[in-house]
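Working notes for the structure below.
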Amino acid sequence: GELAGYVNAGMSPYQALRAATVTPAEALGLDAGSVEAGKLADLVMVEGNPLEDIAAALKVRRVVANGRAFELKDLLDSGPRRP
């Protein structure tokens, strides 16, 4: 929702994605926020191209965290159980 809000406010999808990743990392002094050799990165793989349609950022299919790949379905299935 945050990304769509940025785009609706006039940012390009690229600017919105950068505002949600690179800019906060830079502000916090973290060596993160972009995919580059030597940087720490958790990745979200989506269906579609969020640079063309920011709504594609919601279509998460796989997450890579701490060097391990996870399918979205497996993450959802392993989440907390509600009574």
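The values are calculated or read from the model by the stated rules, or taken from the named source; none is laboratory data. The structure displayed is predicted, hence computed values, not measured ones. Note that each Cβ is placed from the backbone with ideal geometry, even for glycine, and that neighbours are counted across all protein chains shown. Just the protein is used for accessible areas: all its heavy atoms, side chains included, with ligands, DNA and RNA removed. Shrake-Rupley method; radii C 1.70, N 1.55, O 1.52, S 1.80 Å.
Applying 1/(1 + (r/R0)^6) with R0 = 22 Å to the Cβ-Cβ distance of Asp31 and Val63 gives a FRET efficiency near 0.60. The slack between Asn8 and Thr23, meaning 0.36 nm per residue of separation minus the straight C-alpha distance, is 3.5 nm. Please report the carbon-and-sulfur percent of the accessible area for the chain; probe 1.4 Å, protein heavy atoms only, DNA, RNA and ligands left out. Accessible surface attributable to carbon and sulfur in the chain totals 57 percent. Loop-located GluC sites (Glu not before Pro) in region 10-49 (DSSP state not H, G, I, E or B) with no more than 16 neighbouring Cβ atoms inside 10 Å: Glu36, Glu47. The largest-to-smallest principal axis extents of the Cα set in the chain are 41, 32, 25 Å.
Fully extending the segment from Lys73 to Lys39, taken as 0.36 nm per residue of separation minus the present Cα-Cα distance, adds 9.5 nm.
Relative contact order of the chain, taken over Cα pairs closer than 8 Å and 6 or more residues apart, is 19 percent.
The order of Val60, Val35 by accessible area, most exposed first and with a 1.4 Å probe, is Val35, Val60.
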